[in-house]
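Every read-out reported here was derived from the displayed coordinates using simple, explicitly stated rules and does not represent laboratory data. Since the structure is predicted, the reported quantities are computational estimates derived from the model, not experimental observations. Don't worry about glycine lacking a Cβ; one is built from the backbone with ideal geometry, like all the others, and counts go over all protein chains shown.
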Amino acid sequence: MTHIYRHRVRYRECDPMGVVYHTHALDWFEAARTEALRERGLAYKALEDSGIIMPVVEATLRYHASVFYDEVIEVEATFAERPRVKIPIDYAVRREGESKVLISGRVTLCFVDVARHRPVSAPERVLAAFSV
């Protein structure tokens, strides 16, 4: 499953030279995965309301080229594996309409039962959304 999230770089995301400050890539990754899951009928809020949270347990990023103020970027979120206890998501950030990857990364989330504070297998509704 792949989802493209489109974003225009905001002034507040940049340093004084107009280059995106590195930590904002993680915000873009979050927006991309949230919208990807929402598109599959899996709103984070609904999962949380059912007692399941999905904390980030690992994040890696690689910066290949700078991203600048007012550019439109596409953040591609790819769910290459079926969710289990963890769900890894791969990301690629590109300027809109271009193929060159500016930032790449992977974020792994873990399904956690709030009441027990323990990792659990992906809920059935998550598995069902990924089998579509």
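Within segment 1-46, list the trypsin sites (Lys or Arg not before Pro) lying in a DSSP loop whose Cβ has at most 12 other Cβ atoms in a 10 Å radius.
Listed in order of number, the matching sites are 10.
Using the Cα centre of the chain as origin and beta-carbon charges of +1 (Lys, Arg) and -1 (Asp, Glu), tell me which of 85, 73, 31 is placed farthest towards the positive end of the dipole.
85
Please give the length that would be gained between residue 117 and residue 65 if that part of the chain were fully extended, namely 0.36 nm times their separation in residues minus their C-alpha to C-alpha distance (nm, one decimal).
Using 0.36 nm per residue and subtracting the Cα-Cα distance, I get 14.8 nm.
Loop-only trypsin sites (Lys or Arg not before Pro) in segment 89-132, please: DSSP not H, G, I, E or B, and at most 15 other Cβ atoms within 10 Å. Walk me through the numbers before you get to the answer.
On the way: sites: 94, 95, 100, 106, 116, 125; in loops: 100, 116.
Listed in order of number, the matching sites are 100, 116.
Mind checking the log10 I(q)/I(0) for segment 1-59 at q = 0.12, 0.20 Å⁻¹? Debye, one equal scatterer per Cα, no solvent, two decimals.
Taken in order of the listed q values, log10 I(q)/I(0) reads -0.39, -0.87.
Could you run the Karplus curve 6.51 cos²θ - 1.76 cosθ + 1.60 with θ = phi - 60° over segment 37-46 and give me ³J(HN,Hα) per residue in whole Hz, x for Gly and Pro?
5, 4, 4, 8, x, 10, 6, 3, 4, 5
Along its principal axes, what span do the Cα atoms of the chain show, with the longest given first and each in whole Å?
So the three principal-axis extents are 47, 29, 22 Å.
State to the nearest 20 debye the size of the charge dipole of segment 2-130 about its Cα centre, where the only charges are +1 on K and R beta carbons and -1 on D and E beta carbons.
The dipole of segment 2-130 has a size of about 300 debye.
When only DSSP loop residues count, what chymotrypsin sites (Phe, Trp or Tyr not before Pro) in segment 1-70 have their Cβ near at most 13 other Cβ atoms within 10 Å? Can you show the working numbers first?
On the way: sites: 5, 11, 21, 28, 29, 44, 63, 68, 69; in loops: 21, 69.
Loop-located and lightly packed - 21.
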